[in-house]
Amino acid sequence: MNRLLIASICMLSLLNCKQDKISPVGLECYSGFEGLSRDENVTDAPVVVQLSGGTAIGSQLVATNGVAWGGCNLPKQFMQDSLAIYVTGYFVTSEALERMNITPLPFVVTSAKLR
């Protein structure tokens, strides 16, 4: 019984460590919006960098389904037009954003690598 209790406490501790805050860089990229929160996390999503779009930061990422994501915090070495990469990161949302039809979707990159 003690082992079950200890295992349960450890699992709850791990779940509470989930990072749900927006990074300072992400807050800076989307500073025009209030009440921001993290939404869906993405791991190793295949995207193509597009430098001609992205109102907030001058670049956007185009997913394989054609949907444009913001390129907030994309490392400079990946700022090359038409570059195929994998990105990990998270979408950003708020009550106001959920009512808007905006493009690119607010996205904060936490890591990137070449495809």
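At a glance:
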| quantity | calculated |
| --- | --- |
| Where Lys21, Lys76, Lys113 fall by accessible area, highest first, once all protein chains stay in place (1.4 Å) | Lys76, Lys21, Lys113 |
| Two-site label geometry, Thr103 and Glu40: point separation in nm, points 7 Å out along Cα→Cβ | 1.7 nm |
| Length gained when the stretch Ala96-Val48 is fully extended (0.36 nm per residue, less Cα-Cα span) | 14.5 nm |
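The values are calculated or read from the model by the stated rules, or taken from the named source; none is laboratory data. Only a predicted model underlies this, so the values are computations on that prediction, with no experimental measurement involved. A quick note on method: Cβ atoms are made from the backbone with ideal geometry, for glycine too, and the neighbour counts reach across all protein chains shown. Note: accessible area is taken over every heavy atom of the protein model, side chains too, but ligands, DNA and RNA are not part of it. Shrake-Rupley method; radii C 1.70, N 1.55, O 1.52, S 1.80 Å.
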